[in-house]
1. Can you pull out the trypsin sites (Lys or Arg not before Pro) in region 1-80 whose DSSP state is coil and whose Cβ has at most 11 other Cβ atoms within 10 Å?
2. Let me check I've understood the local charge: for residue 108, count other residues with C-beta under 13 angstrom from its C-beta, Lys and Arg +1, Asp and Glu -1. What total comes out?
3. Shape of region 148-228 from its Cα gyration tensor (a ≥ b ≥ c, root eigenvalues): rounded if a/c is under 1.5, otherwise prolate when a/b > b/c, or oblate?
4. Neighbour counts of other C-beta atoms within 10 Å: give me 187, 249 arranged from fewest to most.
5. With an 8 Å Cα cut-off and a minimum separation of 6 or more residues, compute the relative contact order for region 129-262 in percent.
6. Taking the Cβ of residue 5 as the center, what net charge do the other residues with Cβ under 15 Å away carry, scoring Lys and Arg +1 and Asp and Glu -1?
7. Suppose each label sits 7 Å from its Cα in the direction of the beta carbon; what would the residue 237-residue 271 distance come out to in nanometres?
8. Which one, 89, 36, 209, has the greatest fluctuation when you compute a Gaussian network model over the chain with C-alpha springs under 10 angstrom?
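Each value in this text was obtained by applying a stated rule to the coordinates, not by laboratory testing. As the structure is a prediction and not an experimental result, all values here were calculated from the model. Cβ placement follows ideal geometry from the backbone for every residue including glycine, while neighbour counts extend to all protein chains displayed.
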Amino acid sequence: MRVGVHGREMTPDNAPLVAEIIGRLHAHGMDPMLTPGLAEWLVGSGHPIDRPVLSIGDALLSEIDLCIGLGGDGTLLDTVALVGRSGTPVLGINLGRLGFLSSVRIEEVDIALRNLRDGRYALQDRALVEVLGHDELLGKHNFALNEVSVHKRDSSSMIAVHVHLGNDFLNTYWADGLIIATPTGSTAYNLSCGGPLLYPTSDVLVINPISPHNLNVRPFVVPDHYTIRLELEARGDRCLLNLDSRGTTIEGNSLVTVRRAPFSIKLVQLEGQDFLDTLRTKLNWGLDLRSTHGGPKA
């Protein structure tokens, strides 16, 4: 199995661990191939590499069967952006803190690699959202796994976002911004802004205002067959448009059209991994503090 290995630049003290994981991949019969940025960082951190370095561009994706992101959830989102429309499966190995999407912990690496080698895993399709238009700014990377969001810029006044579902007017949100989240992204920015949790294979999207000034509005779940049109009205001349961890500035009176992307991302789901278990263990979902502190139980 030819495995692409991707990672962000980290502190140099992480380099031995990254080099060790690459060595474990080889020991389990896989052929690790590093992305150019990761290879350059390893060399600069004093760890010369003897593994192939992937070519840059679309040819990169034809060389690998799987792409592994080494880091946190931000690195996994970068890896999703890297594989794009290729259909290459993605797995995250967590070197960070929470690692909700990067589900393999360091102590589980050998078990995970054995499962990969032996075919004990499934591929789960995760929906993406894409932004139509703004090609001059976004190019091919007009899609997101977690969310598309628009924001006021810096400390400027709130913005008004006039939202249509298809041709039907939904609402005007006076807020610091607005999130359009996928089911996968429901546990990310959407959750921190008071949005609902969604099962990751649900066919819906969440429209969630950020610090709304009209307090009677709440997050709204809609079927993902809708094209969502956002008409921005800002006092400043620019707004921020974010797709996962990638951001750019756009005109303050822009039209942003968001829809479910016509392709999906394949996330590797290893044996023993379960979304509901991850909710309980990593988000403390349903944790009863009374029982953990020895208090009275219901």
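1. Working: sites: 2, 8, 24; in loops: 8.
Those that pass, being in a loop and sparsely packed, number zero.
2. On the way: positive: 24, 105, 114; negative: 107, 110, 271.
Once all neighbours under 13 Å are counted, the net charge is 0.
3. Values: a/c = 1.99, a/b = 1.33, b/c = 1.50.
Here region 148-228 falls in the oblate category.
4. Numbers: 187 25, 249 14.
Fewest to most other Cβ atoms nearby, the residues stand as 249, 187.
5. Across region 129-262, relative contact order equals 30 percent.
6. Numbers: positive: 2, 8, 24, 51; negative: 9, 20, 31, 40, 50, 63, 65, 78.
Here the count lands on -4.
7. Distance between label points: 6.1 nm.
8. So, out of 89, 36, 209, the one fluctuating most is 36.
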